[in-house]
Amino acid sequence: MHSRHHPMRPSRGFTLVELIVTVSIVAILAAIALPSFREFNLRMAANTHANDLVGALNIARAEAVKRGRAVGVVANGGNWNDGWQIVVSKTVSGVLEPVPTSPGATAADCAGSIEDGMPMCLQHRGAIEDNFTLLSKAAGPAGVDDIVIFSPVGALRDATAFDFSLCRPVGMEDPAQSRRIHVATGGVIDARRDTSTAPAGTCN
């Protein structure tokens, strides 16, 4: 019985021209997709940073009502770009502070702020990442730009309104995709896109 031998077919790979065409197509698709991917990441980062700040403001407001004393969201070292902390008014020499004061700009300082076994610094948030910039503006003659204070009834204290503008990195400016965070007199917090008319800054 004779076995049949089939001639082996030579394997066919990519020709140089086919390889160049394939690489060119991949490069074109990558060039088209990269800006969209970068924009998607910027928008996600903007949402994350804005939600972190809104969350801190809501916690401060709720704690002010719960504890019956002023609670503030304070810029670390006076600079919102370095992050913030939630601070409760402490008792000093038997007198309650009219304005909550920061125990220090670091997370360790925050963790060490205790009164009668209760934490007086409720949250510490570090510097804003991704080269975003956080601008602030307090309305009213008694308001200051580096602290948002809530009274025991949950309303703003000292300022009549407070605004933040979360601006995108330099070179990627877009007021329409930046975030404005507004705290009304009654303490209601609102976040939205578009800083083109924001009191804290337009992010141009």
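Which one of I114, I25 is of a type in the set (V, I, T), at pLDDT below 80 and surrounded by fewer than 16 Cβ atoms within 10 Å (Cβ to Cβ)?
Answer to the selection: I25.
Tell me, yes or no, whether segment 140-157 has at least one residue that is in contact with a His (Cβ under 9 Å, 6 or more places away or on another chain) and of a type in the set (F, W, Y).
No, segment 140-157 contains no residue that is in contact with a His (Cβ under 9 Å, 6 or more places away or on another chain) and of a type in the set (F, W, Y).
Kindly indicate which of N58, N81, N76, N41 is at pLDDT 95 or above and either open to solvent by 60 Å² or more (accessible area, probe 1.4 Å) or more than 31 Å from the chain's Cα centre (by Cα) (or both).
N58
Looking at segment 165-174, which of the residues that are in contact (Cβ under 8 Å) with a residue 60 or more places away in the chain and out of contact with any His (no Cβ under 8 Å at 6 or more places or on another chain) is surrounded by the fewest Cβ atoms within 10 Å (Cβ to Cβ)?
P169
Taking segment 84-100 as the search range and keeping residues that are touching a Ser or Thr at 6+ places or on another chain (Cβ under 9 Å) and within 30 Å of N131 (Cβ to Cβ), which one is surrounded by the most Cβ atoms within 10 Å (Cβ to Cβ)?
The selected residue is V87.
So that you can scan it fast, the table gives a plain yes or no per residue for (1) open to solvent by 20 Å² or more (accessible area, probe 1.4 Å); (2) modelled with pLDDT under 95; (3) more than 16 Å from I59 (Cβ to Cβ); (4) more than 16 Å from the chain's Cα centre (by Cα):
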position	(1), (2), (3), (4)
M120	no, no, no, yes
Q123	yes, no, no, no
E129	yes, yes, yes, no
T160	yes, no, yes, yes
V183	no, no, no, no
G187	no, no, no, yes
S196	yes, no, yes, yes
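With (1) over 28 Å from V170 (Cβ atoms); (2) touching a Lys or Arg at 6+ places or on another chain (Cβ under 9 Å) as the list, and P119 as the residue in question, which single condition is left unmet?
For P119, the exception is condition (2).
Tell me which residues, restricted to segment 131-155, are open to solvent by 20 Å² or more (accessible area, probe 1.4 Å), closer than 18 Å to V188 by Cβ and part of a strand (DSSP E or B).
Across segment 131-155, the qualifying residues are S136, K137, A139.
Does S102 satisfy the criteria of being touching a residue at least 24 places away in the same chain (Cβ under 8 Å) and hydroxyl-bearing (S, T, Y)?
In short, yes.
Within segment 156-197, can you find the residues that are assigned to a strand (DSSP E or B) and either more than 18 Å from A50 (Cβ to Cβ) or in contact with a Cys (Cβ under 7 Å, 6 or more places away or on another chain) (or both)?
Correct list: L156, S165, C167.
The values are calculated or read from the model by the stated rules, or taken from the named source; none is laboratory data. Since the model is a prediction, treat every value here as computed from it, not as a measurement. Every residue, glycine among them, receives a Cβ derived from its backbone with ideal geometry; neighbour counts consider all protein chains shown. We work out accessible area using only protein heavy atoms, side chains counted, and drop any ligands, DNA or RNA first. Shrake-Rupley method; radii C 1.70, N 1.55, O 1.52, S 1.80 Å.
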